[in-house]
Amino acid sequence: MLRILLGEPPRENTGVLADAMDKMAEMASMLRSEMNDNEDRDHEYRKLEIWIRGLISSLDELEQSLFAASFFRKSVKAGYMDDMSVSEQGDYARYVYFYKNGFIRVFSLLDKLGTVLNTLYDLNTVRVKAHFSYFTVLRRFRSTKKHRELSGRLDEIKESYRDPMQKLRNRRNAEIHYMNSEMQDDLWQRHQGLHDKIRLEDLDEHLEDLRQGMEMVCKTLVEVFTYSNELLGKSLEKSRDSKR
């Protein structure tokens with residue numbers, strides 16, 4: 001959608017993004033096929049299908065946010081706020097909007113995935129925390145010692161992206177709970193020199209953090225749905241055999 005608005009050709013999914021999309025679509029298709037063939041009296045399959053299609057939409061929106069932030073970043077040439085033209089200020093504001101939208105969506109998507117995992121694997125994470133996050137679910141996997149193969153892979157991914165994810169989390173927390181993250185940077189600079197010009201944050205470094213955040217999300221989704229699709233496929237096949 002955003003690519004069309006920005007005069008760019010539509011995205012072609014490649015790499016780990018394509019893998020994540022395909023694995024989620026595979027589970028949604030299995031669930032839909034099962035509902036078409038058999039009754040879904042408790043609507044559990046329908047609920048899961050809706051949640052998974054929501055994850056697909058969320059990943060699409062995250063990728064679009066990263067793309068749009070990168071697109072507008074290219075037009076920001078000045079190193080200081082005071083040196084920007086009116087046009088450049090507009091492009092910087094658009095960069096900030098989509099960058100912030102991106103890092104908020106990283107954690108929003110992971111928390112939605114946590115809800116799916118909690119349901120798929122009967123983790124009952126609400127016993128630990130009423131409003132739980134994806135990372136609470138990971139701890140729940142470890143404490144219950146369920147599905148160690150999957151939880152081990154997810155922990156490895158989390159650890160390998162610890163640094164960029166921590167920086168994104170700090171900016172997300174500042175944005176949601178305290179003040180706009182870019183204003184926090186400005187305030188720090190004002191403390192250093194009241195009359196100094198405000199230098200822009202490192203836009204390329206921030207975009208790289210967001211790119212790695214999206215990569216972490218995609219790899220996590222691939223692991224979750226590769227593992228879960230195999231289990232679901234075996235469960236559905238066993239159910240069909242029992243009815244023959």
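Taken together, the values in this text are just the output of simple stated rules run on the coordinates, not laboratory data. All values reported here derive from a predicted model rather than from experimental measurement. Here Cβ is always computed from backbone atoms with ideal geometry, including for glycine, and neighbour counts include all displayed protein chains.
Of note:
- Aspartates and glutamates whose Cα lies under 13 Å from that of residue 146, excluding same-chain neighbours fewer than 8 positions away: 122
- Over 20 Å (Cα to Cα) - which of 74/100; 112/219; 23/145 fall in this group: 23/145
- Dipole of the stretch 2-238 computed with +1 at Lys/Arg Cβ and -1 at Asp/Glu Cβ about the Cα centre; of 150, 10, 78, farthest Cα towards the positive end is 150.
- Eligible aspartates and glutamates near residue 158 by straight Cα distance, threshold 13 Å, same-chain separation 8 or greater: 215, 223
- Here the Kirkwood formula puts the hydrodynamic radius of the stretch 2-238 at 19.7 Å, using every distinct Cα pair.
- Qualifying GluC sites (Glu not before Pro) in the stretch 1-88, DSSP loop, other Cβ atoms within 10 Å at most 13: 12, 39
- Looking at the stretch 40-134, the trypsin sites (Lys or Arg not before Pro) that sit in a DSSP loop and have at most 14 other Cβ atoms within 10 Å of their own Cβ are 41, 74, 77, 129.
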